[in-house]
1. In Å², and per residue, what accessible area does the chain have when probed at 1.4 Å with the other protein chains present?
2. State which entries of 11/314; 542/676; 161/208; 403/513 exceed 27 angstrom in Cα-Cα distance in the structure shown.
3. Specify which residue in the list 537, 604, 571 is farthest towards the positive end of the charge dipole of segment 530-612, using unit charges on the beta carbon of Lys, Arg (+1) and Asp, Glu (-1), about the Cα centre.
4. Would you please name the chymotrypsin sites (Phe, Trp or Tyr not before Pro) within segment 22-91 that are DSSP coil residues with at most 16 other C-beta atoms within 10 Å of their C-beta?
5. Of the DSSP beta bridges with both residues in the chain, give the percent that are antiparallel, rounding to the nearest 5.
6. To the nearest 20 debye, what is the magnitude of the charge dipole of the chain about its Cα centre, counting +1 on the Cβ of each Lys and Arg and -1 on the Cβ of each Asp and Glu?
7. When the Kirkwood radius is taken over all Cα pairs of segment 537-612, what Stokes-Einstein diffusion coefficient follows at 20 °C and 1.002 mPa s, in µm²/s?
8. Please name whichever of 441, 474, 411 sits farthest to the positive end of the charge dipole of segment 357-474, dipole taken about the Cα centre and charges placed at Cβ: Lys and Arg +1, Asp and Glu -1.
Amino acid sequence: MRTCMIVGAGKGGQALLNILRETNMMNVIAIVDCNLDAAGIQIAREAGIAVYSDWKVVLTRFEIDVIIEATGNEAVFEEIRDKREKHTVLIPGSVANIVLNLIEEKEILIDTLQHQSKQQEIILDSTHDGMIAINVDEEVTLFNRSAEKITGIRKAQARGKLIGSLMASSMLPRVLSSGQPEVNQEQLLPNGRKIITTRIPMFDEEGKRIGALAVFKDMTAIEEMAQEVTNLKSIQSMLEAIIQSSDEAISVVDGDGKGLMINPAYTRLTGLERDEVIGKPATTDISEGESMHMRVLRTRKPVRGAQMKVGPSKREVVVNVSPVIVDGRLKGSVGVIHDISELHSLNNQLQRARQIIRTLEAKYSFEDIIGNSEEMTFSIQQAKLAASTPATVLLRGESGTGKELFAHAIHNASDRKYNKFVRVNCAAISESLFESELFGYEEGAFSGAKQGGKRGLFEEANGGSIFLDEIGEISLTTQVKLLRVLQEREIVRVGGSKPISINVRVIAATNAKLEKRIMDGSFREDLYYRLNRLPIQIAPLKQRKEDIAALANHLITKINQDYGRNVEGITPAAAEYLKEYDWPGNVREFENVLGRIVIHMDSSESMIDLAHIPSLLSEQKDAEILSVERTPEKTLSQLVDEFEKKTISQTLELYDGNKTATARALGVSLRNLYYKMEKHDIEKSSMQ
């Protein structure tokens, strides 16, 4: 849980402290105010939270994730902003004022609702009709004053009692059980009075039975009112009073789809006032989508969970609409509207947070691998199969083909995706440090060893995956230890003797011919067979040129984000030209060329065309000219040796015989350069 410090213990800080304690959203470890008698300080002390008069002291003593500045003082806010750690989130004092206002509004709303509840009780008690309601347990939940007069049973005595214990002749349990209404039924009460009653079951919005209601009149009252006609307007007023008190947005239309009634929540949600809706077609409030009122009026069937956009601001909502049917005749429909735009916003923020978390370790998924060629499709299928197993994977392919991309995708598609993904470039770590980096070391293992020792990369990746790139470059000594890890699932730190069990999925990659390395003794055969459990060959770009157009569009999107450009894509002619080149540097070279093209394009140009592409084919021909001329009298091995000798000699001459510079230019180790010079009998006298 994140640690939090509140600066300012006034009304705003006190409100925030109470909320954070009630919701347990963050661990408030300190509250700061220069006035140690403030109300918020007293609450913090009672809760066992440390109090301070200076926030700087807190920053030196604790690791703070979130600071809430609740003083409202701009100078304090700016000073905290300058002093805080980069990872610490600073929330301004305006938030405290907002929270305080919300709490005050909540209290006002509660008082309003309580007042409205009392008003509703007064209304129900004022009616001449007796009303009795029960819940699903047959307990009385409503017993108005007219019911008290007609039945002779006191209201206080009836509330919460079983209806059967009060009135054995009550048919409300029967209506509750059957779910069927009973209209204008005669009934004899225990006190001898006859009543005319209508009993109806009650359901919630989901259609679940929640109780039953009886509305009844004394026969004498009915005789007095026999000539009177029901006042529809008064009934509508009561209905409006109920609807107006709801926090859910409600709209009612008549049988012709014309607006009859809306409540304030509807206006707040849609932005439409009464005069824009009442008497207008039901389609008036629809920005995008079909009117559910009209569908219900057409089909006479309810609709639930329909998504659409309403009002001028196009708010995203979910609508539930039910028909109003009286005596078999369709009188209209009632709709309840739920705002989901905020939910979408929160969901988008959550997805963004997950994406950010993912980029901290394994960045890519299979969706990031572009290619529909047969070769790439087969490689992706193999990788997805590998992701579903814990087996060691060996990714093989030329440099720049996307081996690391596959490693990320395999991890993110496996059951280890929520654990660590550790990347290791075996060629980038010196041999002297490689073993301690991989397996860690104990205290005192060597001069300069950290006190207490250090965890290695395998321990860091425990429970997750480790990606060993350029696996063919590790020394024979390290190969022996790596073989033990794969066989025994345990490591031994440098300078230690105690084995440490680990659960790590190994994904290795190489562009070297490991079989040839085995033949010359630089790679262990037993390690090769351990690594080669699930080999995946990734084809070079020259073998899957049908992917170039799709790959170009994908890379252009990435390049646009990197350089702030707005290139839309590549023309068919340009795509065909790019297919004629063999791309020895594979996708890495392809991305480099596209990046150069986009940088040099005019800002008004939106498509890469032939004119933008450098002469790649001439470069390819120049490379072919540099190759050694073949003759039928020479074998391939002889041709390779001849070219290697010629290249080394020319490079030595270029660098005046400097071995170190020559090895760096050729991309080989100094030891390897000596070996090749001796092999080809290159004169050492030509060097310094």
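1. On the way: 39400 Å² over 688 residues.
Solvent-accessible surface per residue comes out at 57 Å².
2. Working: 11/314 37 Å; 542/676 30 Å; 161/208 23 Å; 403/513 15 Å.
Where the Cα-Cα span goes over 27 Å, the pairs concerned are 11/314; 542/676.
3. Ranked along the dipole, the leading option is 537.
4. On the way: sites: 52, 55, 62, 77; in loops: 62.
When the chymotrypsin sites (Phe, Trp or Tyr not before Pro) of segment 22-91 are filtered for loop state and at most 16 Cβ neighbours within 10 Å, 62 remain.
5. Values: 55 of 91 bridges.
Rounded to the nearest five, the antiparallel share is 60 percent.
6. Numbers: 85 positive and 97 negative charges, 357 e Å.
In total the dipole reaches around 1720 debye.
7. Values: Rh = 12.6 Å.
Once the numbers are plugged in, D ends up at 171 µm²/s.
8. Positive-end residue among those listed: 411.
The values are calculated or read from the model by the stated rules, or taken from the named source; none is laboratory data. Please read these numbers as outputs of a predicted model, since none were measured by experiment. No Cβ is skipped: glycine too gets one built from the backbone with ideal geometry, and neighbour counts run over all protein chains shown. What goes into the accessible areas is simple: the full protein's heavy atoms, side chains included, and nothing from ligands, DNA or RNA. Shrake-Rupley method; radii C 1.70, N 1.55, O 1.52, S 1.80 Å.
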